Amino acid sequence: MTSLVRQASCVAVEGRAILIEGPSGSGKSSLALALIDRGGILVGDDGVMLAERAGALWAAPHPNTRGLLEVRNLGILPFAPVEESRICLLLRLDRDAPRFIDQAERETIEGVDIPALRLWPDTPMLALRAELALRHYGLR
């Protein structure tokens, strides 16, 4: 099994991982922190290892940043990470995200089809929206 390094943050929410992407400074780490505050568990920040296994896409911490999360204005802080989690949703932080959608977009990563959504990053309710997106559009 080969692993791919992907520039992203990742948090497991009730055993299902959300892969978080976006431009530098868009709030990936802040969303990860907010999800952790709501009960999620860190998989990785600023880079995760992805691998396909039995038709599913799995994320694991990158060995160089395992258990570390950048918290703006505080620095790089330690968090207990999960060893791996199945990716069930890709979220892209995008200031041009549509206001409404009929269905999730799709992205193929390592041969695995994953639902993908774009979320407007500039909202205090972003973690709640991420959880709702996972609940309504994420893989089961």
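Here is a check on your reading of the model: is A17 on the phi < 0 side of the Ramachandran plot, over 15 Å from the mean Cα position of the chain (by Cα) and either of a type outside the set (D, E, K, R) or not in a helix (DSSP H, G or I) (or both)?
Answer is no for this residue.
Out of the residues in the range 29-55 meeting the condition of being within 24 Å of G111 (Cα to Cα) and in contact (Cβ under 8 Å) with a residue 60 or more places away in the chain, tell me which one is farthest from the chain's Cα centre (by Cα).
E52
Answer yes or no as to whether E14 is of a type in the set (D, E) and within 19 Å of W120 (Cβ to Cβ).
no
Return the residue satisfying two criteria in turn: it lies in the range 129-140 and is of a type in the set (D, E, K, R) and modelled with pLDDT of 95 or more, and of such residues it is surrounded by the most Cβ atoms within 10 Å (Cβ to Cβ).
Residue satisfying both the conditions and the ranking: E131.
Would you confirm whether or not the range 60-69 contains a residue that is surrounded by fewer than 16 Cβ atoms within 10 Å (Cβ to Cβ), in contact (Cβ under 8 Å) with a residue 40 or more places away in the chain and either out of contact with any helix residue (DSSP H, G or I) (no Cβ under 7 Å at 6 or more places or on another chain) or of a type in the set (S, T, Y) (or both)?
No, the range 60-69 has no match at all.
With respect to E107, is the statement that it is surrounded by 14 or more Cβ atoms within 10 Å (Cβ to Cβ) and within 25 Å of L4 (Cα to Cα) true?
So E107 passes the test.
Regarding the range 75-89, can at least one residue be identified that is under 18 Å from G47 (Cβ atoms), touching a strand residue (DSSP E or B) at 6+ places or on another chain (Cβ under 9 Å), of a type in the set (K, R) and modelled with pLDDT of 95 or more?
Checked the range 75-89: no residue is under 18 Å from G47 (Cβ atoms), touching a strand residue (DSSP E or B) at 6+ places or on another chain (Cβ under 9 Å), of a type in the set (K, R) and modelled with pLDDT of 95 or more.
Has the range 72-86 got at least one residue that is under 19 Å from V5 (Cα atoms) and small (G, A, S)?
Yes - at least one qualifying residue is present in the range 72-86.
Looking at L90, L119, L126, which one is surrounded by 14 or more Cβ atoms within 10 Å (Cβ to Cβ), more than 29 Å from S3 (Cα to Cα) and not small (G, A, S)?
L126
The values are calculated or read from the model by the stated rules, or taken from the named source; none is laboratory data. Predicted, not measured: the structure shown is a model, and the values here were computed from it. When we count neighbours, we look across all protein chains shown, and the Cβ atoms used for this are built from the backbone with ideal geometry, even at glycine.
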